[in-house]
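**Student:** Have a look at this one before I ask anything.
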Amino acid sequence: MSNEKLCAGCLRDNEENIAETWCSNCSELVCKFCAKVHRRFDPPHKIVQLNDLSENNFSLIESSKYCGTHSDQKSVLFCSQHDQSICDLCLSDDHANCKSIISIERAAKGAKEGTAADDLEKRLKDIGTVARTSLKEVKTNVDSLVKQKSDILQMVSTVRKEIEKRLDELEQDITEEIEKQYNTCQQRVMEQKIVMEKQEKELMDRNSDINSLKLCTNDIQFFQTIKTLDVSTHQYETEMTTKITRISLEYEPNEEISKLLAALKSF
Ligand SMILES: [Zn+2]
Ligand SMILES: [Zn+2]
Ligand SMILES: [Zn+2]
Ligand SMILES: [Zn+2]
């Protein structure tokens, strides 16, 4: 609705005058001048300041004047049988056989003193209470959603930390175990190395011994010495082939770990 409200009576006479009041009897906007005229009718018309009428109520009064089915027709009749305000068209269309058709003026008589308004007020109050209760529930729901989200995220974070903690412990245990094994193995390999180095040196020495023996001995001495060396050399040979075993770290990942990884990927 435009802010500029014009007097309906003056408009009919092709004059534009601002209306700040409304005639309740005629149900139309009236200018200052026309308001004075309406007040002088017998009985006087009731003139209302537009400022006293909310925009909502003004639209409501204006639209209620017209028939709900035929928007260009004013409701001038009331069908008691259907409890409905109707227009002339409605009367011939849908209420031709209704018995209790009365004028809207008659139907409205005593409306302000009657129980209809009280009933409506009570119903509105009841709906208001329901609406407030529903609003409260919705607000509670909003808060509850926030809390649910935070709880779930907190839980996920806690589970993750527990898993990480356990994995850290496992890694720590395995690291310590492997470190211990490594030290033992390394010690054994070093012992083997020392033995092997010693044997290698002895063998080299023996080779050069044989060369010098050839120069310093007669055949018998050489033969006998060689035989002695043959026995001890045989001992070396046996030791060399049996003694050296490959030393490795032993680590078999727990088979549950690969199952766990597979399970994690399936989540
Ligand atoms: Zn006027
Ligand atoms: Zn009037
Ligand atoms: Zn109608
Ligand atoms: Zn009817």
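The values are calculated or read from the model by the stated rules, or taken from the named source; none is laboratory data. What you are looking at is a predicted structure, and each value in this text was computed from that prediction instead of being measured. Backbone-built Cβ (ideal geometry, glycine too); neighbour counts: all protein chains shown.
**Student:** May I ask you to list the residues in the range 96-127 that are small (Gly, Ala, Ser), more than 16 Å from ligand 3 (Cβ to nearest atom) and either in contact (Cβ under 8 Å) with a residue 12 or more places away in the chain or part of a helix (DSSP H, G or I) (or both)?
**Tutor:** To start, the set of residues in the range 96-127 that are small (Gly, Ala, Ser) comprises 96, 100, 103, 107-108, 110-111, 114, 116-117.
From the residues that got through so far, the ones that are more than 16 Å from ligand 3 (Cβ to nearest atom) too are 100, 108, 110-111, 114, 116-117.
Across the range 96-127, the qualifying residues are Ser100, Ala108, Ala116, Ala117.
**Student:** Search the range 175-187 for residues that are within 17 Å of Arg246 (Cα to Cα) and pair each with any residue that is of a type in the set (A, V, I, L, M, F, W, C) and surrounded by 11 or more Cβ atoms within 10 Å (Cβ to Cβ) when their beta-carbon atoms are under 6 Å apart and the residues are at least 6 apart or on different chains.
**Tutor:** Close Cβ pairs (under 6 Å, with a partner that is of a type in the set (A, V, I, L, M, F, W, C) and surrounded by 11 or more Cβ atoms within 10 Å (Cβ to Cβ)) amount to Gln181/Leu249; Cys185/Ile247.
**Student:** If you take the residues in the range 56-73 that are of a type outside the set (Val, Ile, Thr) and part of a loop (DSSP other than H, G, I, E, B), which one is farthest from ligand 3 (Cβ to nearest atom)?
**Tutor:** From the range 56-73, those of a type outside the set (Val, Ile, Thr) are 56-60, 62-68, 70-73; that's our starting set.
If we keep only those that are part of a loop (DSSP other than H, G, I, E, B) as well, we get 65, 67-68, 70-73.
Details: Lys65: 12, Cys67: 3, Gly68: 7, His70: 4, Ser71: 9, Asp72: 9, Gln73: 5 Å.
Checking each candidate, the answer is Lys65.
**Student:** Moving on. What number of residues within the range 1-32 satisfy the criterion of being surrounded by 12 or more Cβ atoms within 10 Å (Cβ to Cβ), more than 9 Å from ligand 2 (Cβ to nearest atom) and either at positive phi or part of a helix (DSSP H, G or I) (or both)?
**Tutor:** Of the residues in that region, 4 qualify.
**Student:** Suppose the filter is surrounded by 10 or more Cβ atoms within 10 Å (Cβ to Cβ), part of a loop (DSSP other than H, G, I, E, B) and not small (Gly, Ala, Ser); does Gln148 pass it?
**Tutor:** Spelling it out, it is not the case that Gln148 is surrounded by 10 or more Cβ atoms within 10 Å (Cβ to Cβ), part of a loop (DSSP other than H, G, I, E, B) and not small (Gly, Ala, Ser).
**Student:** From (1) modelled with pLDDT of 90 or more; (2) more than 16 Å from ligand 1 (Cβ to nearest atom); (3) surrounded by fewer than 17 Cβ atoms within 10 Å (Cβ to Cβ), pick out the condition that doesn't hold for Cys67.
**Tutor:** Exception for Cys67: condition (3).
**Student:** Right, another one. Given (1) in contact with a helix residue (DSSP H, G or I) (Cβ under 6 Å, 6 or more places away or on another chain); (2) away from ligand 3 (no atom under 16 Å from the Cβ), where does Phe78 come up short, assuming only one miss?
**Tutor:** (2)
**Student:** Next question. From the list Leu260, Leu249, which residue is assigned to a helix (DSSP H, G or I), out of contact with any Lys or Arg (no Cβ under 9 Å at 6 or more places or on another chain) and among the hydrophobic types (A, V, I, L, M, F, W, C)?
**Tutor:** The unique qualifying residue is Leu260.
**Student:** Looking only at the range 38-55, how many residues end up being surrounded by 10 or more Cβ atoms within 10 Å (Cβ to Cβ) and either within 16 Å of ligand 1 (Cβ to nearest atom) or part of a helix (DSSP H, G or I) (or both)?
**Tutor:** 8
**Student:** What about Lys46, is it closer than 30 Å to Glu15 by Cα, within 16 Å of ligand 2 (Cβ to nearest atom) and over 56 Å from the mean Cα position of the chain (by Cα)? Talk me through it step by step, then tell me what you get.
**Tutor:** Working: closer than 30 Å to Glu15 by Cα: yes; within 16 Å of ligand 2 (Cβ to nearest atom): yes; over 56 Å from the mean Cα position of the chain (by Cα): yes.
When the stated conditions are applied, Lys46 passes them.
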